[in-house]
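The values are calculated or read from the model by the stated rules, or taken from the named source; none is laboratory data. Quantities reported herein were computed from a predicted structural model and do not represent experimental measurements. Every residue, glycine as well, gets a Cβ built from its backbone with ideal geometry; the counts of neighbours run over all protein chains shown. Each accessible area value is taken on the protein alone, full model and side chains, heavy atoms only, with ligands, DNA and RNA left out. Shrake-Rupley method; radii C 1.70, N 1.55, O 1.52, S 1.80 Å.
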Amino acid sequence: MPQITTVQKFDREGNRLTLEKECLQSCTLPSIAYGYKRCSLKHKVGPQEKFCNHYEPCREVWKGGGKVNRFIGYDAGEMKRYLRSRKIDEADKKYYNCYPLIEEWGWDRSDCVRAIQAAGLPQPGKSSCFFCPSMKKPEILYMKDHYPALYQRALALEANALPYLKTVKGLGRNYAWQERFGKE
């Protein structure tokens, strides 16, 4: 495996900009609460793109007219997502997007879990924010019980936005987390 490089989003002054900080500053909720899916594009894909645009090995490949291999971890249980991405991939001038879990191994999420367990590694968590409006009730309650500090931060983010909300009621879209699940 190559060395892993962690990338992050920064504002114009060079300060790290997280989605949580952005929502608190703008008194809003994550875009998915309003029916949009910009969070991952802005805070995951965007920083990776910026890194690659300045990474000399990528720049050399592009300068030579080639494409860089980019590996995407969709599993075989995400076929709808995969098929939608493949249509977009055909027009991509910079990357060959590879989906090894689907295209090479045919692995679904349970296959991934088994491989991670067999390697003796810890299971990675869900790649969503702790204040994601797409979280299901059991996930929210688990966080509330096992990670109360994160739950309180999610409630603070929601409370910060509440006075400005017009089309949604809170992180649950049609309800506020605090209203549904309480403070403690």
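General remarks:
- A count restricted to segment 126-184 and to residues that are open to solvent by 100 Å² or more (accessible area, probe 1.4 Å) and touching a Leu at 6+ places or on another chain (Cβ under 6 Å) stands at 0.
- For segment 88-184, the helices (runs of 4 or more DSSP H) that sit wholly inside it and include 2 or more residues that are more than 21 Å from the chain's Cα centre (by Cα) are 109-118, 137-146, 148-161, 177-181.
- Restricted to segment 18-42, and to residues there that are within 22 Å of Gln152 (Cβ to Cβ), without any contact (Cβ under 8 Å) to a residue 40 or more places away in the chain and of a type outside the set (Asp, Glu), the residue that is least open to solvent (accessible area, probe 1.4 Å) is Thr18.
- Where a residue in segment 158-177 is touching a residue at least 60 places away in the same chain (Cβ under 8 Å) and its partner, wherever it lies, is among the polar types (S, T, N, Q) and crowded, with 16+ Cβ neighbours inside 10 Å, with Cβ under 6 Å and at least six apart: Ala161/Thr28
- With respect to the conditions (1) surrounded by fewer than 14 Cβ atoms within 10 Å (Cβ to Cβ); (2) farther than 30 Å from Leu162 by Cα, Phe51 lacks only one, and its number is (1).
- Of all residues making up segment 69-114, the number that are surrounded by 14 or more Cβ atoms within 10 Å (Cβ to Cβ), of a type in the set (Val, Ile, Thr), at pLDDT below 95 and farther than 18 Å from Ser127 by Cα: 0
- Test result for Thr5, of a type outside the set (Lys, Arg), in contact (Cβ under 8 Å) with a residue 24 or more places away in the chain and closer than 30 Å to Pro163 by Cα: no
- Pairs, first of a type in the set (Lys, Arg) in segment 118-144, second surrounded by 13 or more Cβ atoms within 10 Å (Cβ to Cβ) and not in a loop (DSSP other than H, G, I, E, B), C-beta under 7 Å, six or more apart: Lys144/Tyr151; Lys144/Phe181
- Any hit, segment 60-68, residues being without any contact (Cβ under 8 Å) to a residue 40 or more places away in the chain and within 14 Å of the chain's Cα centre (by Cα): no
- Failed condition for Leu83, given (1) under 18 Å from the mean Cα position of the chain (by Cα); (2) free of Cβ contacts under 8 Å to residues at least 12 places away in the same chain: (1)
- If the condition is being closer than 23 Å to Tyr175 by Cβ, part of a helix (DSSP H, G or I) and within 13 Å of the chain's Cα centre (by Cα), then segment 16-42 contributes Leu19, Glu20, Ser31, Ile32, Cys39.
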